[in-house]
Amino acid sequence: MAAQPQREWLEKDYYAVLGVSPDAPAKEITRAYRKIARENHPDARPGDAAAEDRFKEASSAYDVLGDAEKRPAYDQVRTMGARGFGGFGPGGGPGGSPGGSAGFNFEGGDIGDLLGNLFGPAGGRRAGGVGPRRGADLEATLTLPFDAAVTGITTTIGVTSEAACSTCSGSGAAPGSSPRTCTVCGGRGTRDDNQGLFSFSQVCTECGGRGQVVDTPCPACGGRGTEHRQRRVKVRIPAGVEDGQRIRLKGKGGPGRNGGPPGDLFVRVSVGGHPIFGRRGRDLTVTVPVTFPEAALGAKVWIPTLDGDGVTIKVPAGTASGTTLRVKGKGVPANGSRPPGDLLATVDVAVPSRLSRAQRKAVEALADATEESPRTHFAAATPFESGQFEDAS
């Protein structure tokens, strides 16, 4: 049974639930929530009721602290509750209200008034009642081949979570019937108990704070309106997605409560490697082996491209090993306003480990014809006295 917001906010320290300080920035709160959600998600720890409870509690905390409008309202309610409203604690009277489960009004002013329009029509909740609640955000991981991440792909992923009951479509009522507005609270989800100067508001015991009553519960979900099942979600991966990037699918998360909107699904992409190509942002990389004659004399060399066509590049005469040549437009494809990337081809002069007799004679002839050492600058950069170093041989 859901408690009404003012009571729940007074009783629960959402900062402690997420393990952050009250002055923590929004990014820290988000990181803390995601860590708890990953560690305690029902998919990660199936059958662990305690982990599922922690997951749900963290989701409730993030629903408030992760909202730029709800968080300051929550802080104000907690601050005023700590001050005791002139000597009265969160229970509503000296020593607490009977049963200790009610919120309270003072001189006609409900604590919920502190929330302004947050719980009114603009916030999607009925004033004074439990009202609609947004569904929890979910996370999933999608592993993609290298080429699919570069070119983009539309695929589906399986998500196991709470979802709207497929039998009653989330209403909680058996097929052929519908929930009715609670006649005790008039759909507010709360009942007021006026005691002179003070007015105590409690969750309606008839409808459990939902504002609606299900006379004939759905046989599949028992009236909850949700079921735990796997569903397939379609996701479009844009061209150029990077390893570890998260994609948000709005409205594809957990189902809302009491008519509230669903949460979002965040898909974290894991990109596999490739035997030939690498990646540097929107540029692709490839290593191109060339022979010494090709590097020394220059040559035209065919290299592969990710699209399968391949291109021929010109290796200039005298190209050193490690030189990178750029092929325009053969990297990550264009995406929206983003131009295509390039293909960066790095030359690697291949040195044969074994030489034939003819090759050895040719190399020896080249050595005899070579008059200048490429290491003459060593002597100028490192002066030393004759005999300072003995011959290591």
List Ser60, Ser171, Ser353, Ser373 from most exposed to least, where exposure is judged by having the fewest other Cβ atoms within 10 Å. Ser353, Ser373, Ser60, Ser171
Once phi is turned into ³J(HN,Hα) by the Karplus curve 6.51 cos²θ - 1.76 cosθ + 1.60 with θ = phi - 60°, what whole-Hz value does each residue of segment 8-25 show in order, with x for glycine and proline? 4, 5, 5, 8, 10, 8, 5, 5, 5, 4, 8, x, 10, 7, x, 9, 5, x
The long-range amide H neighbours of Val288, using H built 1.01 Å from N in the peptide plane and a cut-off of under 5 Å, are Thr346, Val347, Asp348
Computed E for Arg180/Arg232 - FRET, C-beta separation, R0 35 angstrom, nearest 0.05: 0.55
Quick calc: nm separation of the 7 Å Cα→Cβ label points for Thr291 and Ile313 -> 2.0 nm
Cα-Cα over 32 Å: which of Lys35/Lys328; Lys27/Lys252; Lys56/Lys234; Lys234/Lys314? Lys35/Lys328; Lys234/Lys314
Can you tell me the length gained on complete extension of the stretch Ser270 to Ser337, counting 0.36 nm per residue apart and subtracting the Cα distance? 21.7 nm
Pop out the ³J(HN,Hα) list for segment 136-145 in order, Karplus 6.51 cos²θ - 1.76 cosθ + 1.60 with θ = phi - 60°, rounded to Hz; leave Gly and Pro as x. 6, 6, 10, 10, 9, 10, 10, 9, 10, x
At 0.36 nm per residue, and after removing the present C-alpha to C-alpha distance, how many nm does the segment from Ile247 to Ala362 gain when stretched out fully? 35.6 nm
Under 5 Å from the placed amide H of Gln212, counting only residues 5+ away or on other chains, we find Cys182
If R₀ is 35 angstrom, what is the calculated FRET efficiency for the pair Thr167 and Asp67, using the beta carbon separation as r and rounding to 0.05? 0.65
If I take every Cα pair under 8 Å that is 6 or more residues apart in segment 289-372, average their sequence separation and divide by the length, what percent do I get for the relative contact order? 26 percent
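Laboratory data are not the source of any read-out in this text; all were calculated from the coordinates shown. Predicted model, so just to flag it, every value in this text is computed and none were measured. Quick reminder, even Gly has a Cβ in these numbers, built from the backbone with ideal geometry, and neighbours come from all protein chains shown.
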